[in-house]
Amino acid sequence: MALGACADSLASLKGILANWHIDQSMNTPNIIRPARRAEIPTLAELIQRQLPDMMASEAAVDSIGARLGDLIDDSALLLATIENRLAGMILLDIDQQRIIACFLDPKVASSETPKSLFATAESLLSQFGARWIECSSKPQVQRFMESLGYQHQESPNTTSLLMRKALVSPDDKQSESLFETLADLGIPENYGTTRRLKRIPEARLLVPIGRDIFDRDQKLTPAAATAWNQLQNAAAQQGITLQLVSAFRSIAYQASLIRRKLENGQDIDKVLRVSAAPGFSEHHGGQAVDLTAPGLKPLDESFAESKAYAWLKSNAGIYGFKETFPVNNRHGINWEPWHWRFHNRAAR
Ligand SMILES: [Zn+2]
């Protein structure tokens, strides 16, 4: 990029930042969506040629272009469009909990563009249980970043500012109590972000679905219960008996389950390969079931060789159930052929 063009871009970026508060009349809605793989070449070229960056990333623009592809799988490359024109984009490093870059097109972006991009990136990280987010910003955008709730952190680098924002409000007692439980069990703070496991709130409305193989009452959300009932009946009609091992589990129950394993001498890394951390288990949402069939050892990989598993592979999808933890999954959880989760029609 020529020096002149660069200076121009920065001047226009500065212009946008300065005018945000008086530019309310031009508030056309920004649509934020994850970028698609096919868009990478165009986006990389745009970044290199014309879009000014609000961040003061150490990474060269070229290497940012090369990284775009890695971000797609995580939906961590977000685009803002206004009336089908690209207004800006934000690049999020989920592992480092850091905004890598935020580009704006001064000709298209509105005052809402960077706000919406930051808000979407922050909410993506929050879903993984992140407690803060960081970025290195250019000094001229410090005030704007502060208006979004970022605070300047002491750092040895004088050309850029390290800004950090807390993602959990001190009033959020539920999160606070969960974080205490996780710390107590020795589960690292970045558990959800590094494993790409989302926080799952406890279901509020549950209905009974009968007893499991241990004769305990089990529950699911009404929609999941109906779907489970249909799934079980359809299997029975074809001579397959599906049995419940577990359905809804509370956060406290999940914590007690893990605590028991630790007390039996297992180490936490090993435990977390078979059990999700409290607050991150799909069983909290009342939509997941652990299944077995008569004569099989419950919660054992051998379930994958059963007729019941083969039937589920072909038919569970019809009733909205999906296998969540296949072989070599991204979440660091061992293969769980017995674990199936109902997905609402809208989410499918
Ligand atoms: Zn399960």
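Candidates are the residues of the range 319-330 that are out of contact with any Leu (no Cβ under 8 Å at 6 or more places or on another chain) and touching a residue at least 40 places away in the same chain (Cβ under 8 Å); the one that is nearest to the ligand (Cβ to nearest atom) is Thr324. Among the residues of the range 313-346, those identified as modelled with pLDDT under 95 and on the phi > 0 side of the Ramachandran plot are Asn328, Gly332.
Give the range 304-333 a look and list any residue that's among the polar types (S, T, N, Q) and surrounded by 15 or more Cβ atoms within 10 Å (Cβ to Cβ), or say none.
Ser306, Asn315, Thr324, Asn329
Residues considered: Ala252, Ala277, Ala310. Of these, the only one that is modelled with pLDDT of 95 or more, assigned by TED's automatic domain parsing to the domain that holds Leu205 and over 23 Å from the mean Cα position of the chain (by Cα) is Ala310. Pairs are defined by a Cβ separation below 9 Å, a sequence spacing of at least 6 or placement on different chains, a first member in the range 199-212 that is within 24 Å of Leu124 (Cβ to Cβ), and a second member that is surrounded by 12 or more Cβ atoms within 10 Å (Cβ to Cβ) and acidic (Asp, Glu); the pairs so defined are Ile200/Glu282. The condition of being surrounded by fewer than 18 Cβ atoms within 10 Å (Cβ to Cβ), under 17 Å from Arg341 (Cα atoms), modelled with pLDDT of 95 or more and within 16 Å of the ligand (Cβ to nearest atom) does not hold for Ser246. Restricting attention to the range 96-114 and to residues that are touching an Asp or Glu at 6+ places or on another chain (Cβ under 9 Å), in a loop (DSSP other than H, G, I, E, B) and on the phi < 0 side of the Ramachandran plot, the residue that is modelled with the highest pLDDT turns out to be Gln96. You will find that of Ala276, Ala252, Ala304, Ala308, the residue that is within 17 Å of Gln230 (Cα to Cα) and either in contact (Cβ under 8 Å) with a residue 24 or more places away in the chain or in contact with a helix residue (DSSP H, G or I) (Cβ under 8 Å, 6 or more places away or on another chain) (or both) is Ala308 and no other. Residues in the range 269-303 that are of a type in the set (A, V, I, L, M, F, W, C) and surrounded by fewer than 16 Cβ atoms within 10 Å (Cβ to Cβ): Val274 only. Checked against (1) under 27 Å from the mean Cα position of the chain (by Cα); (2) in contact (Cβ under 8 Å) with a residue 24 or more places away in the chain; (3) surrounded by fewer than 16 Cβ atoms within 10 Å (Cβ to Cβ), Leu262 passes all but condition (1). Of the set (1) closer than 22 Å to Thr159 by Cβ; (2) modelled with pLDDT of 90 or more, all apply to Ala80 but (1). Please enumerate the residues belonging to the range 130-145 that are surrounded by fewer than 17 Cβ atoms within 10 Å (Cβ to Cβ), over 28 Å from Tyr191 (Cα atoms) and out of contact with any Lys or Arg (no Cβ under 6 Å at 6 or more places or on another chain). Those that are surrounded by fewer than 17 Cβ atoms within 10 Å (Cβ to Cβ), over 28 Å from Tyr191 (Cα atoms) and out of contact with any Lys or Arg (no Cβ under 6 Å at 6 or more places or on another chain): Pro139, Gln142, Arg143.
Look at the range 258-275 and say how many of its residues are within 11 Å of the ligand (Cβ to nearest atom) and either part of a helix (DSSP H, G or I) or among the aromatic types (Phe, Trp, Tyr) (or both).
Count: 1.
Checked against the criteria, Gly286 does not count as assigned by TED's automatic domain parsing to the domain that holds Pro337, at pLDDT 95 or above, at positive phi and more than 13 Å from the ligand (Cβ to nearest atom).
The values are calculated or read from the model by the stated rules, or taken from the named source; none is laboratory data. Computed from a predicted model, the values in this text were never measured in an experiment. Every residue, glycine among them, receives a Cβ derived from its backbone with ideal geometry; neighbour counts consider all protein chains shown.
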